[in-house]
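Student: Input: one structure, supplied below.
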Amino acid sequence: MSRGGRRGGVAVYVTSHGFGHLNRTAAVVNRIPREIPVSIRCDSNLFGLWPKRVDRPIDLGQYVSDSGAVNPPGDSNTTDGPATLERAIQAYAQAMEGLDDEVRWLEDHGIAAVIADAPAVPMLAARRAGIPGFVMSNFTWADIYAPYARTIGGEALRLVADLRRAYRQATALLRMQPALRMAWLKPAVDVGMVVNQGRDRRAELRRELDLSRREKVVYLYIGRYGQDDLDWDRLGRMGERGIHFVSYEPAPGGGPVNFHQMNGAGWTGGELIASTDAVVAKAGYSTACEAMASGTPMIYGPRRGFAEFRSLDQTLRSWPGGFPVSSRDFQGFRLERVLEQALAIDPGPPPFPTDGAARIARFLARVCRDPAAAEAPGLKEHFP
């Protein structure tokens, strides 16, 4: 409930780093009852992507809240620590300069609840506006930045401390699994996996690619920054085994004949994951959870300096469909043996419930209708 007593909607703050945050937030937004207004606050570079993923009315507003991590050109599996912290310090200062304006925006629009995946400053704004604020994530940027800050020291360490203080203003952490522990941020409730699961369109995909049922189709996702020095010839030779690859990213010279670049307007990543026989991808939250939810085996390489990787790796290893490979094998497409193993199994269900998006949406709807539902003593009743 706003200070003026008006029943308002939900303000959703989303980091601009990576499309995974947008995808999983969209899964929550699509399940919030349509009578509850939803305002999405994010960097304007994401504005054009929301209508492709959200099927309900939303308002879009510009908000530069954080800067994520910096990856070296051509290598989205590695994080550049010093460059990451330099940009994060600037972004945090910019967000704090606009804090008073953001508080006024929340009050003027009668916002009833704030959720953030995973900016910290909106928790300060929610607290000052007197409304519940929830971190909805599997990590915080304080956790991501801390190892680099310990090496750099000085202003970087102050940033991590400031971020922790901001996150602690949250009413609660809605912890998506698989997650970092975040034991310092309480209260916390586990909500299961938040998945924007796609439809299984494999018959349509095979018709589009003119493939028989005997041929295998593998979804290849190597990150929006691409990867250098990939052995495309080796991937091409897998075509002799009847293995084809689909991907959004182009391959040099168009790639081998068994490589098919897909139109993102016609196929979402979740649909490709649900419609293929295996996934070869960098291990990110959305890709890993969509693979597990769809029962599609996933082959993945290590990610250096990526704090989320440990929890994702542990979960994928605990699931029969997770197949870790070395960086050398991933970049060299030395995948013949592991692909044979992955294509031969039925991995079964994932280790966590997959209805986290629906759970969060139901909880937010209740908070908008009854602010007392946000109080810590009853939180776990909403997330059995």
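The values are calculated or read from the model by the stated rules, or taken from the named source; none is laboratory data. Predicted model, so just to flag it, every value in this text is computed and none were measured. So basically every Cβ, Gly included, is an ideal-geometry build from the backbone, and we count neighbours across all protein chains shown.
Residue-by-condition table, conditions (1) touching a Gly at 6+ places or on another chain (Cβ under 9 Å); (2) under 30 Å from Ala142 (Cβ atoms); (3) aliphatic (A, V, I, L, M):
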residue: Met292; (1), (2), (3): yes, yes, yes
residue: Arg303; (1), (2), (3): yes, yes, no
residue: Leu316; (1), (2), (3): yes, yes, yes
residue: Ser326; (1), (2), (3): yes, no, no
residue: Arg334; (1), (2), (3): no, no, no
residue: Arg337; (1), (2), (3): no, no, no
residue: Gly348; (1), (2), (3): yes, no, no
residue: Arg369; (1), (2), (3): no, no, no
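Student: Let me ask something else. On the given criteria, is Ala170 more than 21 Å from Gln314 (Cα to Cα), in contact with a Phe, Trp or Tyr (Cβ under 8 Å, 6 or more places away or on another chain), modelled with pLDDT of 95 or more and not hydroxyl-bearing (Ser, Thr, Tyr)?
Tutor: In short, yes.
Student: Ok, one more. Sort out which residues of the range 314-333 are part of a helix (DSSP H, G or I) and buried (at least 19 other Cβ atoms within 10 Å of the Cβ), and write them in order of number.
Tutor: Hits for the range 314-333 are Thr315, Leu316, Phe330.
Student: Let me ask something else. Name the single residue that is farthest from Lys216 (Cα to Cα) among those in the range 294-313 being part of a strand (DSSP E or B) and not aliphatic (A, V, I, L, M).
Tutor: Only one residue fits best here, namely Arg304.
Student: Another question about this same structure. Quick one: in the range 19-38, which of the residues that are over 8 Å from the mean Cα position of the chain (by Cα) and hydrophobic (A, V, I, L, M, F, W, C) is farthest from Ala116 (Cα to Cα)?
Tutor: Here the answer is Ile36.
Student: Taking the range 346-384 as the region of interest, how many residues are touching a residue at least 12 places away in the same chain (Cβ under 8 Å), surrounded by 13 or more Cβ atoms within 10 Å (Cβ to Cβ) and either outside any loop (DSSP other than H, G, I, E, B) or of a type in the set (Val, Ile, Thr) (or both)?
Tutor: Qualifying residue count for the region: 21.
Student: Within the range 334-345, which residues are in a helix (DSSP H, G or I) and either of a type outside the set (Lys, Arg) or in contact with a Ser or Thr (Cβ under 8 Å, 6 or more places away or on another chain) (or both)?
Tutor: Answer for the range 334-345, where residues must be in a helix (DSSP H, G or I) and either of a type outside the set (Lys, Arg) or in contact with a Ser or Thr (Cβ under 8 Å, 6 or more places away or on another chain) (or both): Glu336, Val338, Leu339, Glu340, Gln341, Ala342.
Student: Looking at Arg164, Arg181 in this structure, which one is out of contact with any Lys or Arg (no Cβ under 6 Å at 6 or more places or on another chain) and modelled with pLDDT of 95 or more?
Tutor: Among Arg164, Arg181, only Arg164 is out of contact with any Lys or Arg (no Cβ under 6 Å at 6 or more places or on another chain) and modelled with pLDDT of 95 or more.
Student: When Asn196 is evaluated against the numbered criteria (1) under 23 Å from Ser318 (Cα atoms); (2) modelled with pLDDT of 90 or more, which criterion, by number, is the only one it fails?
Tutor: (2)
Student: Let me ask something else about it. Select from the range 158-215 the residues that are among the basic types (Lys, Arg) and over 25 Å from Ala88 (Cβ atoms) and list them in ascending order.
Tutor: Those that are among the basic types (Lys, Arg) and over 25 Å from Ala88 (Cβ atoms): Arg199, Arg201, Arg202, Arg206, Arg207, Arg213, Arg214.
Student: Tell me which of these Gly198 doesn't satisfy, since it passes every other one: (1) buried (at least 18 other Cβ atoms within 10 Å of the Cβ); (2) under 25 Å from Gln331 (Cα atoms).
Tutor: (2)
Student: Further question on the same structure: For the range 39-153, which fully contained strands (runs of 3 or more DSSP E) count at least 3 residues that are assigned by TED's automatic domain parsing to the domain that holds Gly301 and crowded, with 22+ Cβ neighbours inside 10 Å?
Tutor: The strands (runs of 3 or more DSSP E) meeting that bar number zero.
Student: Further question on the same structure: Taking only pairs six or more apart or across chains, which ones have beta-carbon atoms under 6 Å, a first residue in the range 326-344 that is farther than 12 Å from Val280 by Cα, and a second residue that is not aliphatic (A, V, I, L, M)?
Tutor: The qualifying pairs are Ser327/Gly301; Ser327/Pro302; Gly332/Asp231.
Student: Name, by its number, the condition in (1) of a type in the set (A, V, I, L, M); (2) farther than 18 Å from Leu124 by Cα; (3) assigned to a helix (DSSP H, G or I); (4) under 22 Å from the mean Cα position of the chain (by Cα) that does not hold for Val160.
Tutor: Of the numbered conditions (1) of a type in the set (A, V, I, L, M); (2) farther than 18 Å from Leu124 by Cα; (3) assigned to a helix (DSSP H, G or I); (4) under 22 Å from the mean Cα position of the chain (by Cα), the odd one out for Val160 is (2).
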